[in-house]
Amino acid sequence: MSDAGASAHVRRNREHWETRSAEYQERNRSQLNRDWTELRWGVWDVPEDELRVLGDVTGLDALEYGCGACQTGVKVAMRGARVVGLDFSAAQLGEGLRTMEATGVRFPVVQADGERIPFADGSFDLVWCDHGVMSFADPYRTVPEVARVLRPGGRFAFSIISPFVVLTTTPQDEHVSRELKQPYFGMHAQDIDDPEWRTTEFQLTYGGWIRLFRANGFVIDDLLEIRPPADATSTYVDPEELPWSRDFPIDHVWKLRKE
């Protein structure tokens, strides 16, 4: 994929994933690759059958928007969707091909910038991601692009870190807190400069998201704030953050429909 025309944050995030993909997959493999028959959401791995984000996907043309190593795409394909995966990282897509080899489930993937989706208008019935493109690209560019490639009545669902996490941490913090540390108003891009995690990530206020969705023709069907069970485990966060996550959502899922 050429970086020509890509935003500075897209280039930065792509560099991160090209260099950190193997380490990320190794650290989280036990969670990402467990039980191929069960689709799950968020850092606490809450089952789709409990949240009912996607519902019946049989026969849908579906785009995984930031497919990474294709674990979620495989699970959605196993539920009957015609899946296409998109990711900007060649390293992540390489891991995805190994996932398909291991599971025997195959679908096309494309290496591309999520802010410039290389598909025609009205190509898909469903666009979804679990902490995919929507975490690492500018929503003022991604939401119009998703609206463009969806058919009327098409569904858009994505999980993303909750504003509660942004508000109760700084980019230098290792853990969430119970104190407000950053302003709510003005949230947009945030650079994270940890030596192990150098990315630019995005968040808006709740009102900012709603206005952006409505301006691009989306109806909001639900906002699912994920509360893990008391015995939940995760490869993404430390066990001591479970009590916090039982009181405040670490992540949530927007569930939208194109008018």
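The values are calculated or read from the model by the stated rules, or taken from the named source; none is laboratory data. Quantities reported herein were computed from a predicted structural model and do not represent experimental measurements. With ideal geometry, Cβ positions are generated from the backbone for all residues, glycine too; neighbour counts draw on all protein chains shown. These accessible areas exclude ligands, DNA and RNA; they are computed on the full protein's heavy atoms, side chains included. Shrake-Rupley method; radii C 1.70, N 1.55, O 1.52, S 1.80 Å.
I want to make sure I understand the PRE zone here: with the label point 7 angstrom from the Cα of residue 248 toward its beta carbon, which residues in the stretch 171-208 have backbone N atoms less than 18 Å away?
Those under the cut-off are 171-188, 190, 202-207.
How big is the stretch 1-76 by Rg and Dmax over its Cα atoms, in Å?
15.0, 42
Which order do peptides 9-17, 23-31 fall in by mean Cβ count within 10 Å, highest first?
The peptides rank, most packed first, as 9-17, 23-31.
Binning every alpha carbon pair distance of the stretch 1-149 at 10 Å from zero, what are the percents per bin?
11, 44, 37, 8, 0
For the peptides 38-45, 113-120, what is the packing order when you average, over each peptide's residues, the other Cβ atoms within 10 Å and list the highest mean first?
Sorting 38-45, 113-120 by mean packing, highest first, produces 38-45, 113-120.
Restricting to the chain, what percent of DSSP beta bridges are antiparallel, rounded to 5?
In the chain, DSSP labels about 55 percent of beta bridges as antiparallel.
Arranged from highest to lowest average of other beta-carbon atoms within 10 Å per residue, in what order do the peptides 103-109, 171-177 appear?
Order by mean packing, descending: 103-109, 171-177.
On average, how much accessible surface per residue is there in the chain, in Å², for a 1.4 Å probe, leaving out ligands, DNA and RNA?
Value returned for the chain: 44 Å² of accessible area per residue.
Using the Cα gyration tensor of the stretch 183-259, with a ≥ b ≥ c the square roots of its eigenvalues, what is the shape: rounded (a/c below 1.5), prolate (a/b larger than b/c) or oblate (neither)?
Here the stretch 183-259 falls in the oblate category.
Report the label-to-label distance for residue 12 and residue 170 in nanometres (one decimal), using points 7 Å from each Cα along the Cα→Cβ vector.
1.8
What does the convex hull of the alpha-carbon atoms of the stretch 69-122 project to on average, in nm²? Don't skip to the answer; put the middle values down first.
Working: hull surface 15.3 nm².
Averaged projected hull area, Cα only: 3.8 nm².
Counting residues in the chain as N, plug N into 2.2 N^0.38 Å and put the Cα Rg over that result.
Working it through for the chain, the quotient is 0.94.
How much mean residue ellipticity at 222 nm does the chain get from its helices, if each DSSP H run of length 4 or more adds -39500 (n - 2.57) and you divide by all residues, to the nearest 500 deg cm²/dmol?
-9500 deg cm²/dmol
From largest accessible area down, sort 78, 134; use a 1.4 Å probe on the protein chains.
78, 134
What is the gain in length, in nm to one decimal, between residue 221 and residue 187 on full extension, counting 0.36 nm per residue of separation less the C-alpha to C-alpha distance?
Full extension from residue 221 to residue 187 adds 9.9 nm.
Cα atoms only: what Rg and Dmax, in Å, come out for the stretch 109-157?
10.1, 27
For the pair residue 97 and residue 231, how long in nm is the line joining their label points, each one 7 Å along Cα→Cβ?
Result for the modelled spin labels: 4.1 nm.
Ignoring ligands, DNA and RNA, please state the percent of accessible area on the chain from carbon and sulfur, probe 1.4 Å. Mind showing how you got there, number by number?
Working: 5940 of 11510 Å².
Carbon-and-sulfur percentage of accessible area, whole number: 52.
Any number yet on Rg/Rh for the stretch 73-196, C-alpha, Kirkwood?
1.02
With N set to the residue count of the stretch 109-259, report its C-alpha Rg divided by 2.2 N^0.38 Å to two decimal places. Don't skip to the answer; put the middle values down first.
Values: Rg = 16.2 Å, N = 151, 2.2 N^0.38 = 14.8 Å.
Compared with the compact-globule rule of thumb, the stretch 109-259 sits at 1.09.
Roughly how many Å is it from the Cα centre of the stretch 150-196 to that of the stretch 53-96, as a whole number?
23
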